[in-house]
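Undergrad: What follows is a single structure, and I will ask about it in a moment.
Every number here is computed from the coordinates shown, using simple stated rules; none is lab data. What you are looking at is a predicted structure, and each value in this text was computed from that prediction instead of being measured. Here the Cβ is made from the backbone with ideal geometry for all residues, glycine too, and neighbour counts use every protein chain on show.
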Amino acid sequence: MNYNQFFSDAVNRLHDERRYRVFADLERIAGRFPHATWHSPNGERPVVMWCSNDYLGMGQHPKVIGAMVETATRVGTGAGGTRNIAGNHHPLVALERELADLHGKEAALLFTSGYVSNQTGISTLAKLIPNCLILSDALNHNSMIEGIRQSGCERQLFRHNDVAHLEELLIAAGPQRNKLIACESLYSMDGDIAPLAKICDLAERYGAMTYVDEVHAVGMYGPRGGGVAERDGVMHRIDVLEGTLAKAFGCLGGYITAKAEIIDAVRSYAPGFIFTTSLPPAVCAAATAAIRHLKSSNWERERHQERAARTKAVLNAAGLPVMSSTTHIVPLFVGNPERCKQACDLLLQEHGIYIQPINYPTVAKGTERLRITPSPYHDDVLIDQLAEALIQVWQQLGMPLHAAPLAAE
Ligand SMILES: *Cc1c(COP(=O)(O)O)cnc(C)c1O
């Protein structure tokens with residue numbers, strides 16, 4: 001048997017489908033966000049990051065770095081074991097309190113990533129609900145899909161953000177059936193937002209439990225950064241809110257918040273929580289610093305939205321195919337995986353602009369795109385340079401620019 005052949009065949013299939021992924025070797029420069037160094041095959045080159053999920057640059061905020069360094073210096077690096085073995089370290093307890101407060105919930109539970117929190121959180125919750133039917137938005141993230149799959153429960157998809165379809169499924173399931181609605185608040189590939197208030201109305205009317213992934217909204221929406229549910233005044237109506245510490249909070253880790261008895265059950269039954277070492281104290285302390293800062297500072301949120309709006313307007317005026325987005329995400333339509341990759345390669349090599357191509361399976365085939373994420377620190381000059389570089393790349397690749405600007409968002 002030549003086992004190696006199985007693996008090289010698998011990789012060759014990806015090459016054939018033009019979806020083999022290559023990662024650039026990048027080094028961020030603290031204090032100079034969004035500037036970074038690209039360790040290119042021909043040596044070091046300066047680049048500007050235009051697709052970071054460190055949306056607000058909090059990963060370089062002096063308070064956040066300070067908390068991480070101070071905590072590591074005081075208590076050391078690792079957590080020393082799972083919580084069953086090592087107990088709770090204090091920065092972790094403080095962080096869970098901070099998160100429960102952020103979402104107005106009784107309790108929070110921390111996981112090693114947002115991915116794990118969805119995967120193990122959803123599967124554990126749904127397993128504990130007898131004969132649970134899971135109603136899942138068709139565009140839910142892979143971590144939710146895996147959690148649903150692992151629960152072993154029956155799953156039905158409702159069309160993306162389609163509350164009429166969700167209602168049909170709820171009615172068909174009948175009042176006696178236990179039901180869990182799982183969705184995201186902000187979908188980060190299209191930049192659209194779920195109708196959370198309507199989903200809560202339906203959940204209450206038909207007796208369903210709700211689980212909402214706020215990964216792309218925490219820190220960025222709501223008066224204290226509690227997410228879209230906070231902004232829309234429905235946080236208290238959602239049973240389980242899930243989030244990450246790795247995007248707008250600039251650190252690492254994931255969590256769920258809910259009523260105390262729900263959190264206690266997940267804490268007690270979730271394998272992906274029980275059998276893995278908890279996050280290091282320094283990471284927890286840094287995340288707490290980021291959350292606290294964003295609870296009281298609106299500057300980052302306001303500037304973030306203003307920069308995103310400006311980026312959309314400038315690219316649109318340049319004739320570039322900005323897809324409609326009501327949020328901080330600026331998707332540019334390409335519609336072809338090779339063109340998408342070529343565009344990104346040209347941007348990096350010729351313009352020092354780093355944007356990762358978004359291809360299948362992250363988005364549907366034929367909807368390949370560049371996903372641009374302006375931050376509070378992308379100034380007018382950087383936005384204009386981005387527009388100029390994109391126009392050149394579009395022309396080089398023979399991709400169409402529209403003549404008259406589309407209506408700005
Ligand atoms: C990134 C992401 C996650 C996973 O969060 P991590 O902390 O990066 O593991 C979960 N849900 C959605 C919608 C995401 O985009």
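Undergrad: For Y3 and H39, what does the FRET efficiency come to when R0 = 25 Å and r is the distance between their Cβ atoms, rounded to the nearest 0.05?
TA: 0.15
Undergrad: Continuing with this model, one more query. Helix 163-173 versus the longest principal axis of the chain: what is the Cα-based angle in degrees, 0 to 90, to the nearest 10?
TA: Between the helix axis and the principal axis of the chain, the angle is about 30 degrees.
Undergrad: Can you sort L169, L26 so the residue with the fewest Cβ neighbours within 10 Å comes first?
TA: Arranged by neighbour count, lowest to highest, L169, L26 become L26, L169.
Undergrad: Also, quick follow-up: Compute the Rg to Rh ratio over the stretch 19-111 from the alpha carbon atoms, using the Kirkwood formula for Rh, and round to two decimal places. Write down the numbers at each step before the final one.
TA: Numbers: Rg = 18.1 Å, Rh = 16.7 Å.
Answer for the stretch 19-111: 1.08.
Undergrad: While we're on this one: Projecting each Cα onto the charge dipole of the chain (Lys/Arg +1, Asp/Glu -1 at the beta carbon, about the Cα centre), which of G152, P34, Q349 comes out farthest on the positive side?
TA: Checking the options against the dipole of the chain, the answer is G152.
Undergrad: Taking the stretch 326-409, which trypsin sites (Lys or Arg not before Pro) meet the DSSP loop condition and have no more than 16 other C-beta atoms within 10 Å?
TA: Listed in order of number, the matching sites are K365.
Undergrad: If you don't mind, another one. Structure shown: which of K198/K341; K247/K365; K63/K179; K105/K341 lie over 31 Å apart, alpha-carbon to alpha-carbon?
TA: Working: K198/K341 38 Å; K247/K365 26 Å; K63/K179 42 Å; K105/K341 43 Å.
Exceeds cut-off: K198/K341; K63/K179; K105/K341.
Undergrad: On to the next question. Give the long-range amide H neighbours of G254: residues separated by 5 or more places, or on another chain, with amide H under 5 Å away, using H modelled in the peptide plane at 1.01 Å from N.
TA: HN-HN under 5 Å from G254: F111, T112, S113, G114, L245.
Undergrad: Per the helix-only calculation at 222 nm, which mean residue ellipticity applies to the chain, given -39500 (n - 2.57) for every DSSP H run of n ≥ 4 and division by its residues, nearest 500 deg cm²/dmol?
TA: Result for the chain, helices only: -13500 deg cm²/dmol.
Undergrad: With a Förster radius of 25 Å, plug the Cβ-Cβ distance of E17 and N142 into 1/(1 + (r/R0)^6) and report the FRET value to the nearest 0.05.
TA: About 0.85, to the nearest 0.05.
Undergrad: Over all directions, how big on average is the projection of the convex hull of the alpha-carbon atoms in the stretch 87-241, in square nanometres?
TA: Over every viewing direction, the Cα hull of the stretch 87-241 projects on average to 9.0 nm².
Undergrad: Which one, H402, A197, P321, is farthest towards the positive end of the dipole of the chain when Lys and Arg carry +1 and Asp and Glu -1 on their Cβ?
TA: A197
Undergrad: Right, something else. By how many degrees, 0 to 90 and rounded to 10, does the Cα axis of helix 62-75 deviate from the longest principal axis of the chain?
TA: Roughly 50 degrees between the two axes.
Undergrad: What's the magnitude of the charge dipole for the chain around its Cα centre, counting Lys and Arg as +1 and Asp and Glu as -1 at the beta-carbon? Answer in Debye, nearest 20.
TA: In debye, rounded to 20, the chain gives about 480.
Undergrad: Report, in degrees rounded to the nearest 10, the 0 to 90 angle that the Cα long axis of helix 3-16 makes with the longest principal axis of the chain.
TA: The two axes meet at around 60 degrees.
Undergrad: How much of the DSSP bridge set in the chain is antiparallel, in percent, rounded to the nearest 5?
TA: In the chain, approximately 55 percent of DSSP beta bridges are antiparallel ones.
Undergrad: Let me ask another. In the stretch 227-280, what trypsin sites (Lys or Arg not before Pro) fall in a loop by DSSP, with at most 13 other Cβ atoms inside 10 Å? Before the final figure, lay out the partial values.
TA: On the way: sites: R231, R237, K247, K259, R267; in loops: K247, K259.
In loop regions of the stretch 227-280 (DSSP not H, G, I, E or B), the sparsely surrounded trypsin sites (Lys or Arg not before Pro) are K259.
Undergrad: Give the order of L125, L382 when sorted by the count of other beta carbons within 10 angstrom, beginning with the fewest. Each step should come with its number before you reach the end.
TA: Numbers: L125 27, L382 19.
The order, fewest Cβ neighbours first, is L382, L125.
Undergrad: If I stretch the segment between Q392 and T73 completely, what's the gain in nm (0.36 nm per residue apart, minus their alpha carbon distance), one decimal?
TA: 110.0 nm
Undergrad: Could you calculate the FRET efficiency of A10 with S296 from 1/(1 + (r/R0)^6), where r is the beta carbon distance between them and R0 is 45 Å, rounded to 0.05?
TA: 0.35
Undergrad: Between V240, V48, V75, which gets the highest mean-square fluctuation from a Gaussian network model of the chain, Cα cutoff 10 Å?
TA: V75
Undergrad: Using 0.36 nm per residue of separation minus the Cα-Cα distance, give me the extension gain between E338 and N178 in nm, one decimal. Could the numbers behind the result be given before it?
TA: Details: separation 160, 0.36 × 160 = 57.60 nm, distance 4.50 nm.
Roughly 53.1 nm would be gained on extension.
Undergrad: Turning to a different aspect of this structure: Find, among the GluC sites (Glu not before Pro) in the stretch 23-124, those assigned to loop by DSSP (not H, G, I, E, B) with at most 14 other beta-carbon atoms within 10 angstrom.
TA: E106
Undergrad: How do I148, I122, I171 line up, fewest other C-beta atoms within 10 Å first? Before the final figure, lay out the partial values.
TA: Working: I148 24, I122 32, I171 12.
Lowest to highest Cβ neighbour count: I171, I148, I122.
Undergrad: Put +1 on the Cβ of each Lys and Arg and -1 on the Cβ of each Asp and Glu in the chain; which of A309, P281, A100 then has its Cα farthest toward the positive end of the dipole?
TA: P281
Undergrad: Give the cross-link partners of K295 among the aspartates and glutamates, using a straight C-alpha distance below 14 Å as the criterion and excluding same-chain residues fewer than 8 apart.
TA: Of all the aspartates and glutamates, those that pass the test against K295 - Cα under 14 Å, at least 8 places apart if same chain - are E98, D101, E230.
Undergrad: Using only the alpha carbons of the chain, what is the convex hull's orientation-averaged projected area in square nanometres?
TA: Mean projected area for the chain: 22.4 nm², to one decimal.
Undergrad: Using label points projected 7 Å from each Cα along Cα→Cβ, tell me how many nm separate N88 and L128, to one decimal.
TA: 1.6
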